1. Of the DSSP beta bridges with both residues in the chain, give the percent that are antiparallel, rounding to the nearest 5.
2. Of all the Cα-Cα pairs you can form in the range 6-47, what percent are over 15 Å apart?
3. For the range 1-94, treating each Cα as an identical point scatterer without solvent, what Debye log10 I(q)/I(0) comes out at q = 0.15, 0.17, 0.20 1/Å?
4. How high is the relative contact order of the chain, in percent, counting Cα pairs under 8 Å that sit 6 or more residues apart?
5. What's the carbon and sulfur percent of the chain's accessible surface, probe 1.4 angstrom, rounded to a whole number?
6. For the chain, what is the mean residue ellipticity at 222 nm derived from helices alone (per DSSP H run of n ≥ 4: -39500 (n - 2.57); sum divided by total residues; nearest 500 deg cm²/dmol)?
7. If DNA, RNA and ligands are ignored and the probe is 1.4 Å, what is the ranking of 206, 189 by accessible area, most exposed first?
8. Kindly sort 183, 9 by accessible area of their heavy atoms, largest first, with the probe set to 1.4 Å.
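The values are calculated or read from the model by the stated rules, or taken from the named source; none is laboratory data. Just so it is clear, the model here is predicted, and its values are computed rather than measured. Note that each Cβ is placed from the backbone with ideal geometry, even for glycine, and that neighbours are counted across all protein chains shown. SASA here: full protein model, heavy atoms, side chains in, ligands and nucleic acids out. Shrake-Rupley method; radii C 1.70, N 1.55, O 1.52, S 1.80 Å.
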Amino acid sequence: MTNLKKTVKIYIIESQSDRDILHKRTEGKALSSGLELAGINHNYFQVINKKMLDECFEIIIADIIACRRNGMFAPYFHFSAHGNEQGIGLTNGDFLDWNNLREKIDYINSKLTMIRPNPENPSFEISFLNICFSVCKGFYGHKIQGKLKENKYTSLIGPIDAVDWSDSLIAFMTFYHNIIHKKNKARQSVEKMNLAAGLNNIFKISMGYGMIIKE
């Protein structure tokens with residue numbers, strides 16, 4: 001059986017508000033501590049603006065390529081920030097709407113050598129990029145998906161409404177625990193994260209086909 005601890009890595013990207021920093025609200029950092037205790041492979045990054053976010057992506061891309069040589073093929077991008085139906089905000093007030101983020105995901109996918117051919121259909125390539133939004137109304141991030149031939153991810157998870165940091169932390173720790181330690185399916189793990197946080201189906205999952213049409 002596949003050892004998911006070796007094949008999955010979570011990249012936490014946190015950009016909380018300045019007020020959150022003042023009051024030491026760091027959901028992403030807290031999640032990192034929980035993953036460390038659970039022995040789940042991850043990296044934590046704190047970014048404050050678009051320039052730092054782009055630099056962060058370059059570091060992550062290089063790390064994914066390096067990790068793939070050791071068998072890692074399923075990266076999770078975990079965004080911890082404030083947001084709404086239009087996109088996510090960064091610490092300095094920069095705002096990324098879903099079109100902005102879609103462009104960045106396109107760039108990431110274009111750089112990752114873990115995109116591999118689909119033997120059942122040579123006109124497609126398969127991507128294993130997973131995206132999690134610990135962001136109020138982060139499920140609206142599914143707007144980056146586009147049409148079928150423009151799939152950006154294998155799975156995307158986020159809440160359809162505003163969520164407290166504590167609820168989000170418990171929810172995502174439960175999700176990663178179920179995915180990696182319990183080897184549950186993604187949809188089942190999302191059900192469990194809602195239950196653990198005491199939420200009524202607030203966290204949703206959008207399953208992409210993990211395919212990118214070759215030009």
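1. On the way: 16 of 37 bridges.
That works out to approximately 45 percent antiparallel.
2. For the range 6-47, the share of Cα pairs beyond 15 Å comes to 42 percent.
3. Debye intensities relative to I(0), on a log10 scale: -0.63, -0.78, -0.99.
4. On the way: 423 pairs, mean separation 44.9, N = 215.
RCO, the chain: 21 percent.
5. Working: 5460 of 10520 Å².
C and S atoms contribute 52 percent here.
6. Values: 7 runs with 77 residues, N = 215.
Estimated from H runs of four or more residues: -11000 deg cm²/dmol.
7. On the way: 206 25, 189 0 Å².
Result of the area sort, largest leading: 206, 189.
8. Working: 183 90, 9 15 Å².
Ranked list, largest accessible area first: 183, 9.
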